[in-house]
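The values are calculated or read from the model by the stated rules, or taken from the named source; none is laboratory data. Not measured: the values here are computed from a predicted model. Here Cβ is always computed from backbone atoms with ideal geometry, including for glycine, and neighbour counts include all displayed protein chains.
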Amino acid sequence: MNNQEKIKEAKELLKKEGFFVDNLWHIDDIKSNFKCDDDDAQEVLYSALTNEATMDQIWYAIRFHAEDEGLEENQIDDDNFVRYLREY
């Protein structure tokens with residue numbers, strides 16, 4: 001099995017388990033625009049995709065599209081929220 005087949009299989013497994021895998025970033029996305037090695041590119045991706053502004057924008061977009069679809073928001077009390085955070 002070649003790498004592309006392994007990646008496809010891994011994405012299918014993750015999608016089956018509920019993860020969104022249709023938009024993945026790769027170190028080549030960074031290296032095509034900047035002179036850096038793989039480790040530096042990975043650090044850039046990590047910083048860009050986990051910073052507070054990015055996360056805020058993603059949650060904003062999720063809320064916007066969920067409301068646009070007419071989805072009702074769950075009410076989470078403090079105990080459930082703390083339990084949720086511990087799981088992740």
When residues of the range 1-39 are filtered for being in contact (Cβ under 8 Å) with a residue 12 or more places away in the chain and β-branched (Val, Ile, Thr), how many remain?
2
The condition from (1) acidic (Asp, Glu); (2) part of a helix (DSSP H, G or I); (3) under 14 Å from the mean Cα position of the chain (by Cα) that ASP22 misses is numbered (2)
If you go through ALA41, ALA53, ALA48, the only one that is aliphatic (A, V, I, L, M) and surrounded by fewer than 11 Cβ atoms within 10 Å (Cβ to Cβ) is ALA53
Could you tell me whether any residue of the range 6-15 is out of contact with any helix residue (DSSP H, G or I) (no Cβ under 7 Å at 6 or more places or on another chain) and assigned to a loop (DSSP other than H, G, I, E, B)?
no
So, first residue under 14 Å from LEU24 (Cα atoms) and in contact (Cβ under 8 Å) with a residue 24 or more places away in the chain in the range 40-53, second residue assigned to a helix (DSSP H, G or I) and of a type outside the set (Ser, Thr, Tyr), Cβ within less than 6 Å, six or more apart or across chains; the pairs are none
Lone unmet requirement of (1) of a type in the set (Asp, Glu); (2) at pLDDT below 95; (3) assigned to a helix (DSSP H, G or I) for GLU73:
(3)
Give the residue, chosen from ASP29, ASP68, that is of a type outside the set (A, V, I, L, M) and exposed (fewer than 11 other Cβ atoms within 10 Å of the Cβ).
ASP68
